[in-house]
Each structure stands twice: as structure tokens, then as C-alpha cells.
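Structure record follows, encoded as C-alpha cells.
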Amino acid sequence: MKICVCVKQVPASSNVKINPKTGTLVRDGNNTKMNPYDLYAIELALKVKEQQESTVKAITMGPPAATEILHEAIWMGCDDGYLLTDRKFAGADVVATAYTISQGIKYMGKFDLVVCGKQTTDGDTAQVGAELAHFLKMSYVCYVDQIIEVKEKSIVVRTNNDKTYDIVEVNFPCLITVEKSNDTPRLPSYKRSVKYSDHQIHTVTFDKLFDTDESKYGLKGSPTQVERMFNPMKDDNKVMLNEEESSYANQIKEILKDRKYI
Ligand code: FAD
């Protein structure tokens, strides 16, 4: 089976800086790590590989420094790594990011299974997986925390919906996003880091993609534009409703009338 795992390099600290002019994240390349959910995505892909002979390739879209996490993926057990990088990809919002990754995956070949983390700890939208599935025209299952069975033409997984679990069977090719689970991601192996110390990561630039319509990439391909960045305002003008719950509606009505909202 052919498996592709999407991984992203994120800031290692929660002290993320924003460029006030562009509204984009400032990524200085220092103090970064692999997105925690993507470690679980790799672990799940490697579990599938243990059950059925497979190749697992990792892809990331990011600056050249993101090569680091591709090496980490290989040291964990992935077979190969692809860095999708080009100035033309800069400023991409979720749609442009997902489209670019879909093109990178098409460049890498055909896959039965694409695995993403549930969300990142910087962008935090949890939208890339769904949009990527759309662009790749694949079935999509989110919040997967366990593989139940890998069959010849399908995979059976468990999804964690917070208060309930679902068991879902989905045909290949499909894309799943992975939730944290009890399957603690394996650590990068020292043996593999020695064995693969000369392993070349593939670099995929804009001109290598099938679709070279620039209007679909980077800022140009991003329907979302950040208009303004600001800290949330603090509002101390609060009213606590302490009386009987049954009278809450009337109290709220009086407050709204008082403040001339109604
Ligand atoms: P999520 O949807 O939370 O991630 C889910 C999963 O998708 C991840 O676990 C991972 O498996 C996969 N995934 C997500 N991103 C990647 C990736 N890059 N490579 C491989 N797999 C991935 N960010 C910048 O770095 N530079 C910019 O200039 C920039 N400009 C932006 C401009 C706008 C207007 C907006 C709205 C956002 C911008 N961003 C920029 C943020 C960028 O769009 C998001 O980082 C990106 O869309 C991924 O979204 P996310 O982090 O919320 O991913």
C-alpha cells in the first residue's frame, strides 16, 4: 500500500509573533518542532505498514528549514521525505496551502492512504485535511484515533467524537486526520538516523508542479486576507445573574432594554 503523511513544522513555544503589517506568522526557523498531532499521524501510518506491506512518504510545505522534520519522520520509520518550497507559496491561507499540498502529493505519485494530523498548534484551523481530501477527490474521515483493520480495498478505523466513538469503514483511496491517542508516537531511532544520515530529501518547487497557474498559490491564491490584527479587548462591564434560573430570560431582556439594544 502507498501511504503519504503530511507533517508541518510549528513554533516550539506558544509565544508566536505576528507581523503586524501582513497579519502573518513570523517564522524565524529557530525553536521549532514537528506539529504534535503529526507525530500521531506518522505513528498511525507506521502501524498500517506493520499490518500490510507499505511505503510511507512524508511531505511538508514550508521553508528549507522544515527539512528537519522530514529527517525526523524518516528516523521514526518513514521511507522518504518531500519538501514543498517556493517563494510563490508564501502567504498561503488554508485553501492555497491545501491546494499546494495536493499538487505536491500528485507530483509524488498515487497514494491509497493520505494521513494528516487533526490540527496544528500554530495555524490551528483543522481545515487542511478536509480541503486536501477535496482537492485530491478522496473520501475523508476525521478524528481517527485507532486502526481496527486494514483490508485489501478499505480500512476500518475508530473516530473519537469527544463523547462517542464511531467505527467507520472507508474505501481506498482515502484521507484521514488523526487525533491524539494512547498509541504514543515512537521516538526517532538512533540506528535509523545513522543509516539514513546521507538520505536526500526531495525538493519540490513551483515549476515542478502539474498546475502552474500562479493565481492558485500563495497570497494570490488565498481568498482569506488578514485585514487587521489586534489583542482582544477586555470588557469589565459584566453583570452576574444570581437569581433564580427561571427569571434569567426576563433579567437579560431588562438589561438589553436598559442598554438600548432592544
Ligand atoms: P491545520 O488545518 O490545523 O492542520 C491539519 C493538518 O494538515 C496538520 O496536522 C498537517 O498534517 C497538515 N498540514 C497543515 N499544514 C501543513 C503544511 N504546511 N505542510 C504539510 N502538512 C500540513 N503561514 C505561513 O507560514 N506563512 C504565511 O505567509 C501565511 N500567510 C497566511 C495568510 C493568511 C491570509 C492566512 C489566513 C494564513 C496564513 N498562514 C501563513 C497560515 C497558513 O495558512 C496555515 O498555516 C496553513 O493554512 C495551515 O493551516 P493550519 O496550520 O491551520 O493547519
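Values in this text are rule-based calculations from the coordinates and carry no lab data. Quick caveat: nothing in here was measured; it's all calculated off a predicted structure. Glycine gets a Cβ as well: all are built from the backbone with ideal geometry, and neighbour counts include every protein chain shown.
Rounded to the nearest 20 debye, the dipole size of segment 104-255 about its Cα centre is 880 debye, using +1 on the Cβ of Lys and Arg and -1 on the Cβ of Asp and Glu. To the nearest ten degrees, helix 67-76 and the longest principal axis of the Cα atoms of the chain are 70 degrees apart. Give me log10 I(q)/I(0) at q = 0.18, 0.25 Å⁻¹ for segment 204-262, Debye formula, one equal scatterer per alpha-carbon, no solvent. At q = 0.18, 0.25 Å⁻¹ the computed log10 ratios are -0.83, -1.03. Packing-based ranking of 115-127, 71-83, 206-218 yields 71-83, 115-127, 206-218, ordered from highest to lowest mean Cβ neighbour count within 10 Å.
With a threshold of 27 Å on the Cα-Cα distance, the over-threshold entries among Lys2/Lys163; Lys137/Lys208; Lys57/Lys208; Lys47/Lys220; Lys8/Lys151; Lys180/Lys208 are Lys2/Lys163; Lys47/Lys220; Lys8/Lys151; Lys180/Lys208. In this Cβ point-charge picture (+1 for Lys and Arg, -1 for Asp and Glu), the chain has a dipole of about 560 debye about its Cα centre.
Where q = 0.10, 0.11, 0.12, 0.13 Å⁻¹, what log10 of I(q)/I(0) comes from the Debye formula for the chain, counting one point per Cα? Log-scaled intensity ratios, in q order: -0.57, -0.66, -0.75, -0.85.
Calculation over all alpha carbon pairs of segment 131-218 in 10 angstrom steps from 0 returns a P(r) of 13, 27, 27, 30, 3 percent.
Mean-square fluctuations from a GNM of the chain, with a 10 angstrom spring cutoff on Cα atoms, peak among Val114, Val150, Val204 at Val150. Highest-first packing order for the peptide set 179-188, 225-234 is 179-188, 225-234, based on the mean count of other beta carbon atoms within 10 Å. Ordering Val56, Leu44, Asn250 by Cα displacement along the dipole of the chain toward the positive end leaves Val56 in first place; charges were set at the Cβ atoms of Lys, Arg (+1) and Asp, Glu (-1). When each of Ser197, Ser189, Ser222 is scored by the number of other beta-carbon atoms lying within 10 Å, the sequence from fewest to most is Ser197, Ser189, Ser222. Could you calculate the FRET efficiency of Leu187 with Asn31 from 1/(1 + (r/R0)^6), where r is the beta carbon distance between them and R0 is 25 Å, rounded to 0.05? Rounded to the nearest 0.05, the efficiency is 0.80. Against the main long axis of the alpha-carbon atoms of the chain, helix 248-258 sits at an angle near 70°.
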